[in-house]
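Beneath this line is the structure, given in structure tokens, with notes to follow.
The values are calculated or read from the model by the stated rules, or taken from the named source; none is laboratory data. Values in this document were obtained by computation on a predicted structure and should not be read as measured data. With ideal geometry, Cβ positions are generated from the backbone for all residues, glycine too; neighbour counts draw on all protein chains shown. Each accessible area value is taken on the protein alone, full model and side chains, heavy atoms only, with ligands, DNA and RNA left out. Shrake-Rupley method; radii C 1.70, N 1.55, O 1.52, S 1.80 Å.
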Amino acid sequence: MIYKTALYDEHVALGGKIVEFAGWELPVQYSGVIAEHDAVRNRVGVFDVSHMGEFKVSGENAEAQINALVTNDVRGMYDGQARYSLLPNESGGAVDDILIYRENEKLFWIVVNAANTEKDFAWITSHAKMKDVVIKNVSNKVSEFAVQGPKAIDVLKKLVKSEDDIPQKYYSAKGPLYLKSGAFAYISRTGYTGEDGFELYIKNENAVKTFRDILDAGEEFGILPCGLGARDVLRLEAAMPLYGHELSDTIPVDEVGLGFAIKLFKDVDFVGKKAITDHIPEYERIGAFVEKGIAREGSEVYFNDIKVGYVTSGTHSPLLGRGICMIRIKKGYKDKELEVDIRGRRSKLEITPLPFYKRQK
Amino acid sequence: MAKLFTNTHEWAEVDGKNVKVGISNYAASELGDIVFVSLPSVGDKVSYGESFMEVESVKSVAEINAPVNGKIIAVNEELDAAPELINQDAEGTWIAEIELDGDVPADLMTKEDYEKTL
């Protein structure tokens, strides 16, 4: 089964080059990856990310139940706060990485990766043992758009009824509320590009209208519709992990540099806590520039003739004008002279602190 | 000089024994933004229909096949710094020059015939 988002016909009409991704037909690009990347870094771009999955977790024990499943601590969040977390399995790998929103003390939302929606829902419902919790998969009712870039806020201002409807802090949200158009929305100041920006959760029936409204509102700022190609380059420059690349069922969550989201000292037991606590990391995630060429996912990394790691994500950075990659490497090797094998040819790696790009605030 | 095309989207411009090689406008537009050209080395032997170099777009790698048999005698070093020249004008941007060994393969197509295959 291949899914289409509510925007499918819009993407085709806008000249989007459609590919299959995580079981969905989505545009990999419209005008071109470099132009779209440039729009987001310097102006504003809009992405259809309706393939993401959304679960509604409600009830008296919603918070406690989520806390028993995730590595982060969801206690003490304010209404409208968002928090990133890993969803670990019993052996300390990741079922997924997720975003958790608290709408109120008895209502939380979990946003999951498209490819994992069914797996995650099965996992969460089979491991949620507490009473008075209702977990619903509402993914096929919800569209999601990411409006990203320094001008994203100016676009948002034209869509909302009042500036009070715009979340002020990064990782916070406003809503549910009605946009000027009458569309029902939940507005979150989050994203996957390394820029300031917003993610709007919208009912499918308002999706096409809202997407057009965003493009119209953004026209004066040079907005471009952006595809998966630009999204991947942007998140890689910002060194954000992507499930299936930096994270997987078998990669221990404590080997990915996401310690900020792993609260081993929270006084609550959670699935995988023992495995993570007992585990001694053998690998780490590092970033590197490639001297010549582009090291893609799966390229092997060598110290002399010893294979010490592999590229988990790699691309050409339009911003930096060179090949960048994230590497899963055995601890103790990151300060050595490393090379990457690109289809039989060795290229030198220059290790650099992550992220490759951090926006100036 | 008229260009001849392969069914794998390369073009060849034959001038006596010297053959300039590039990729078609169609190939460049399908690849999207080209960000790296891995040029062959002068002196490399190449065989008709076999990969002898690569061009990379942000998302993918494409192998370029030699449109004739021969030996590389020159490469367009401008592409090291400006691979986007191929996107700007693929059929006006040569990538490598081959010294022809033997005849031009008979199944190369005129531009008109090539475009009918797209």
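Among the strands (runs of 3 or more DSSP E) confined wholly to segment A:282-340, which include 2 or more residues that are open to solvent by less than 30 Å² (accessible area, probe 1.4 Å)? Spell out the reasoning first.
Working: elements: A:283-290, A:300-303, A:306-317, A:322-330.
Hits in segment A:282-340: A:283-290, A:306-317, A:322-330.
Regarding A:Glu20, is this residue open to solvent by 20 Å² or more (accessible area, probe 1.4 Å) and closer than 30 Å to A:Leu320 by Cβ?
Working: open to solvent by 20 Å² or more (accessible area, probe 1.4 Å): yes; closer than 30 Å to A:Leu320 by Cβ: yes.
Yes, satisfied.
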Point to revise | Condition broken by B:Asn25, with the remaining ones in (1) under 22 Å from B:Leu108 (Cβ atoms); (2) touching a His at 6+ places or on another chain (Cβ under 9 Å) satisfied | key: (2)
Review point. Which members of segment B:73-118 meet the condition of being among the β-branched types (Val, Ile, Thr) and under 17 Å from B:Phe5 (Cα atoms)?
Key: B:Ile86, B:Thr93, B:Ile95, B:Ile98, B:Val104, B:Thr110, B:Thr117
Point to revise | Residue ID - farthest from the other protein chains (Cβ to nearest Cβ), chosen from residues in segment B:9-48 that are in a loop (DSSP other than H, G, I, E, B) and within 13 Å of B:Val68 (Cβ to Cβ) | key: B:Gly16
Check your understanding: So B:Ile72 clears everything in (1) surrounded by fewer than 18 Cβ atoms within 10 Å (Cβ to Cβ); (2) part of a strand (DSSP E or B); (3) more than 14 Å from chain A (Cβ to nearest Cβ) except one condition, right? Which one?
Key -> (1)
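Yes or no: A:Thr277 out of contact with any strand residue (DSSP E or B) (no Cβ under 6 Å at 6 or more places or on another chain) and open to solvent by less than 10 Å² (accessible area, probe 1.4 Å)? Talk me through it step by step, then tell me what you get.
Working: out of contact with any strand residue (DSSP E or B) (no Cβ under 6 Å at 6 or more places or on another chain): yes; open to solvent by less than 10 Å² (accessible area, probe 1.4 Å): no.
Considered against the rule, which asks whether it is out of contact with any strand residue (DSSP E or B) (no Cβ under 6 Å at 6 or more places or on another chain) and open to solvent by less than 10 Å² (accessible area, probe 1.4 Å), A:Thr277 comes out as no.
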Review point. In segment B:15-45, what count of residues is obtained for those that are among the aliphatic types (A, V, I, L, M) and more than 12 Å from the chain's Cα centre (by Cα)?
Key: 4
Exercise for review: Specify which of the listed residues (A:Val57, A:Val74) is at pLDDT 95 or above, touching a strand residue (DSSP E or B) at 6+ places or on another chain (Cβ under 8 Å) and assigned to a strand (DSSP E or B).
Suggested key: A:Val57
Check your understanding: When segment B:49-62 is examined, which residues are found to be open to solvent by 50 Å² or more (accessible area, probe 1.4 Å) and either at pLDDT 95 or above or more than 14 Å from chain A (Cβ to nearest Cβ) (or both)?
Key -> B:Glu50, B:Ser51
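Does A:Val95 satisfy being touching a Ser or Thr at 6+ places or on another chain (Cβ under 9 Å) and either among the β-branched types (Val, Ile, Thr) or in a loop (DSSP other than H, G, I, E, B) (or both)? Spell out how you get there, then give the answer.
Working: touching a Ser or Thr at 6+ places or on another chain (Cβ under 9 Å): no; either among the β-branched types (Val, Ile, Thr) or in a loop (DSSP other than H, G, I, E, B) (or both): yes.
Spelling it out, it is not the case that A:Val95 is touching a Ser or Thr at 6+ places or on another chain (Cβ under 9 Å) and either among the β-branched types (Val, Ile, Thr) or in a loop (DSSP other than H, G, I, E, B) (or both).
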Check your understanding: Does A:His51 count as closer than 30 Å to A:Glu255 by Cα, within 14 Å of chain B (Cβ to nearest Cβ), in contact (Cβ under 8 Å) with a residue 24 or more places away in the chain and buried (at least 19 other Cβ atoms within 10 Å of the Cβ)?
Key -> no
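Is it fair to say A:Thr117 is touching a helix residue (DSSP H, G or I) at 6+ places or on another chain (Cβ under 9 Å), among the hydroxyl-bearing types (Ser, Thr, Tyr) and either farther than 21 Å from A:Tyr243 by Cβ or assigned to a loop (DSSP other than H, G, I, E, B) (or both)?
no
Restricting to segment A:128-152, and then to whatever is of a type in the set (A, V, I, L, M, F, W, C), closer than 26 Å to A:Lys106 by Cα and outside any strand (DSSP E or B), can you tell me which residue is most open to solvent (accessible area, probe 1.4 Å)?
The initial filter retains those residues of segment A:128-152 that are of a type in the set (A, V, I, L, M, F, W, C), namely A:128, A:130, A:133-135, A:138, A:142, A:145-147, A:152.
Now restrict to residues that are closer than 26 Å to A:Lys106 by Cα: A:128, A:130, A:133-135, A:138, A:142, A:145.
Checking which are outside any strand (DSSP E or B) leaves us with A:128, A:130, A:133, A:138.
On the way: A:Ala128: 24, A:Met130: 76, A:Val133: 31, A:Val138: 21 Å².
Across segment A:128-152, the extreme among qualifying residues is A:Met130.
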